[in-house]
Amino acid sequence: MRRLLMMVFLSLLVYFGVSNIALASPITFFGYDQGQGSSSYERLLEWPNAKAAELNLLQNLENTSKESFEEIGLLNRARVGYNEVSSVFDGKGSFAGSGYSLYCNYDESYYGQYPISGFKYLETANRFYIEFEDPIGAMGFYGIDIGDTDDHYRDPTTPATLRIRVTDSSTNEMEWIEVPHETGVTSGGIFYFGFYDPDRTFSKVEFVYIGDGTDVWAFDDMTIGSPVSPSPVPVPSAIWLLGTGLVTLIHFGRKQRH
């Protein structure tokens, strides 16, 4: 009987121990395509590595919403003024920050920055953030001309870097997510970075600019969503062991009463 009780206890210990393992970090996706450089500032016509990262993320998501910035502001080449973008993702996200604007660009590259789709993109030289009233479980975006050393605005020896900080919607705790982009690269490069978390949702995503504040970056085709609902998983073996132990205990208890 003692051995049986010990088996039941160990089953409980295994099950609840596994169930309470600390939550893992978000799952990330990244792809980069090198730019043409400052000798021409020509835009890339294809970006297969970045596109592959986007597709890999999207196949894990559902209920997605995309922001291409095409419907914000005037439909011409003029910038949408600094700090005048307030709502994104069809009202699902509130946008704020400093030192950003929407720039309209048709065929040329503006010192390495250009849109992925359409003719508008988000231009920034500082941090910004997006808050969500309905928390999200995933986000992805294109970054253009980030981490280069030949930008015309700044000291080329100090390329700026991008970091992402998310706020857990349940605990309000903040967590850094590393964007593995390189620095010292040629101008006009494109990367796609995305992440999702199957266990948590986020109420805020911050794009944090680490640098001297004079480099100019472009962002476009942002996507938010939720991880695909997982398929039902088999009941852990510890539960079967627990059930077997309980049935056996009941059986022995009945035999002893008789």
* Take the residues in segment 201-221 that are touching a Gly at 6+ places or on another chain (Cβ under 7 Å) and of a type outside the set (S, T, N, Q), then tell me which one is nearest to Glu71 (Cα to Cα). => Phe219
* Structure fact -> Flagged pairs (Cβ under 9 angstrom, 6 or more apart or on separate chains; first in segment 40-56, of a type in the set (Lys, Arg); second surrounded by fewer than 20 Cβ atoms within 10 Å (Cβ to Cβ) and at pLDDT below 95) are Arg43/Gln36; Arg43/Asn105; Arg43/Asp107; Arg43/Glu108
* Could you tell me which residue of segment 125-156 is nearest to Lys66 (Cα to Cα), considering only residues that are at pLDDT 90 or above and aliphatic (A, V, I, L, M)? => Met139
* Selection count, segment 52-67, where residues are among the basic types (Lys, Arg) and assigned to a loop (DSSP other than H, G, I, E, B) -> 0
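The values are calculated or read from the model by the stated rules, or taken from the named source; none is laboratory data. Owing to the predicted nature of the structure, the values given are computational and were not obtained by experimental measurement. Reconstructed Cβ throughout: ideal geometry from the backbone, glycine too, with neighbour counts over all protein chains shown.
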